[in-house]
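Chemist: Structure provided below as structure tokens; questions to follow.
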Amino acid sequence: MRRAATLLISGALALSACQEPAAAGESSVLAPAASRQSDEAKGLKQAIFSGGCYWGVEGVFSHVLGVTSVIPGFQGGAARTADYERVSEGDTGHAESVRITYDPKVVRYDQLLRIFFSVVADPTTLNRQGPDTGTQYRSALVPLGAEQQQVASAYLAQLKASGIWKAPIVTRIESYRGFYPAPEYHQDFMAKNPTHPYILAWDVAKVEALKRRFPGFWKASFTRG
């Protein structure tokens, strides 16, 4: 759906990435450790997560040890419509997402999944996260390679059998169709705009939940870019 909030960024009035919140508050959960752990080769890896407004998703993963880059953007649709204004209409097939670069020697893919479902995204809300509604706000995992595919499939099955969530889990595994970075003024948004009303209402709590629930993966500095 169209977003109504506006921001003064770089001297120009631009649409914000997410709606102004009607009410604050999302509770975190502690998802179980994965039974199927990732077995990843040495070297930096990438992962894509769709979990609602990419400001908060970026904000959380930017404070995870072992993460070296977090890029907000769009996945799931065609290159020709991977434009912020078009994606905001909700009919392009894209989802707001982040592309993470991480060191599996420090944080594995299955551990990123656990963080995602614990403090980032509610897996039971279809085409919605927090105050934001539309297909572009769906929650999805986008495996990059066979190992991530197997780990993601096993973890979703584990979550569904866990009974932690009362409502059905609707997060999907989606095939990789390309990733398209968001406009520059959406990059590192939480670090650049820490007092924005949306950030204060919805995303600060997610970052605090990361620090509280996963102190071993917490880092105080914000990973930019």
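Chemist: Report the normalised scattering of the range 119-168 as log10 I(q)/I(0) at q = 0.23, 0.26, 0.32 Å⁻¹, calculated by the Debye formula with identical scatterers on the alpha carbons.
Modeler: -0.96, -1.06, -1.14
Chemist: So what are the ³J(HN,Hα) numbers for the range 97-106, from phi and the Karplus equation (6.51, -1.76, 1.60; θ = phi - 60°), rounded to whole Hz, Gly and Pro as x?
Modeler: My calculation for the range 97-106 gives 8, 10, 10, 9, 10, 9, 9, x, 6, 9 Hz in order.
Chemist: Let me ask something else about it. Please state the relative contact order of the range 21-114 as a whole percent: Cα pairs under 8 Å, 6+ residues apart?
Modeler: 40
Chemist: Quick one: angle between helix 204-213 and the longest Cα principal axis of the chain, in degrees between 0 and 90, rounded to 10, please.
Modeler: 10
Chemist: As a test of the formula, what do you get for the chain when each DSSP H run with n ≥ 4 contributes -39,500 (n - 2.57) and the sum is divided by the residue count, at 222 nm and rounded to the nearest 500 deg cm²/dmol?
Modeler: -6000 deg cm²/dmol
Chemist: In addition: Over 23 Å between Cα atoms: which of 105/160; 105/219; 105/211 fall into that group?
Modeler: Going by Cα-Cα distance, 105/160 fall outside the 23 Å limit.
Chemist: Return the carbon/sulfur percentage of the accessible area of the range 148-225, one whole number, probe 1.4 Å, all protein chains in place.
Modeler: Carbon with sulfur: 56 percent of the solvent-accessible area.
Chemist: Using only alpha carbon pairs under 8 Å that are at least six residues apart, calculate the relative contact order of the range 119-225 and give it in whole percent.
Modeler: So the answer I get is 27 percent.
Chemist: Per residue, what accessible area does the range 13-149 have, given a 1.4 Å probe and all protein chains present, in Å²?
Modeler: 34
Chemist: Counting heavy atoms of the protein chains only and a 1.4 Å probe, report the per residue accessible area for the range 161-225 as a whole number of Å².
Modeler: Computed with neighbouring chains in place, this is 56 Å² per residue.
Chemist: Could you state the orientation-averaged shadow area of the convex hull built on the Cα atoms of the chain, in nm² to one decimal?
Modeler: 11.3
Chemist: If you don't mind, there's one more thing I want to ask. Sort 134-141, 162-169 for me by packing, meaning the mean count of neighbouring Cβ atoms within 10 Å per residue, highest on top.
Modeler: Order by mean packing, descending: 134-141, 162-169.
Chemist: Per residue and in cubic angstrom, what volume does the convex hull of the Cα atoms of the range 89-146 have?
Modeler: 105
Chemist: Let me ask another. Quick one: compute the contact order of the chain, relative version, from alpha carbon pairs under 8 angstrom and 6+ residues apart, as a percent.
Modeler: 31 percent.
The values are calculated or read from the model by the stated rules, or taken from the named source; none is laboratory data. Just so it is clear, the model here is predicted, and its values are computed rather than measured. When we count neighbours, we look across all protein chains shown, and the Cβ atoms used for this are built from the backbone with ideal geometry, even at glycine. Calculation scope for accessible area: heavy atoms of the full protein, side chains included, ligands and nucleic acids excluded. Shrake-Rupley method; radii C 1.70, N 1.55, O 1.52, S 1.80 Å.
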